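Rule-based calculations on the coordinates, nothing more; no lab input. What you see is a predicted model; the values in this text were computed from it and never measured.
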Amino acid sequence: MDQPGVSDAIGTITLSFSATGAKAAALGFVLARAHWGCGLGSEAVREVLRYAFETLRLEQVTAEAAAHNLASLRILATVRFKHMESFIDASDDEPCQRFVLDAGIGLRLLAGAD
Ligand SMILES: CC(C)(COP(=O)(O)OP(=O)(O)OC[C@H]1O[C@@H](n2cnc3c(N)ncnc32)[C@H](O)[C@@H]1OP(=O)(O)O)[C@@H](O)C(=O)NCCC(=O)NCCS
């Protein structure tokens, strides 16, 4: 029987939308540590970007990552996110980086043109 609060999920990946109705969303992803280093993060990000740009036809996707999380920074760089700014996360005082990916660049990458 399923236990309340216990899940078989090994991670989550989300697109969050603001109330402004802009054709943009914020990407978030987290994977259980036991599954790091197998390429799952990279694969999930590419597929959600495909959904964001090809199906939802968003114009822009943003993302934030802790400055110490080299795997997430690498994933965002590989799919051509552009650095916007550095900031301190108020919830835990961690240095973070904010990135943006425009649809034109994202679609070219997903089509294998870049
Ligand atoms: C980000 C996260 C999902 C990584 O997923 P993953 O499946 O382990 O990542 P991958 O195996 O796809 O590796 C991604 C890249 O990072 C590189 N990498 C992995 N660990 C690394 C490390 N410690 N240092 C440098 N590069 C690293 C990999 O070699 C790979 O690069 P490549 O594509 O050039 O081969 C995982 O670290 C995580 O859940 N972090 C906490 C949450 C978070 O930071 N989310 C991101 C912002 S919302």
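At 222 nm, what value in deg cm²/dmol follows for the chain if DSSP H runs of at least 4 each add -39500 (n - 2.57) and the sum is divided by all its residues, to the nearest 500? Taking each H run of at least 4 residues, the total per residue is -7000 deg cm²/dmol. The smallest convex shape that holds all Cα atoms of the chain, its convex hull, gives 152 Å³ per residue.
Its Cα gyration tensor gives region 47-114 an equivalent ellipsoid; the semi-axes, largest first and in whole Å, are 24, 12, 9.
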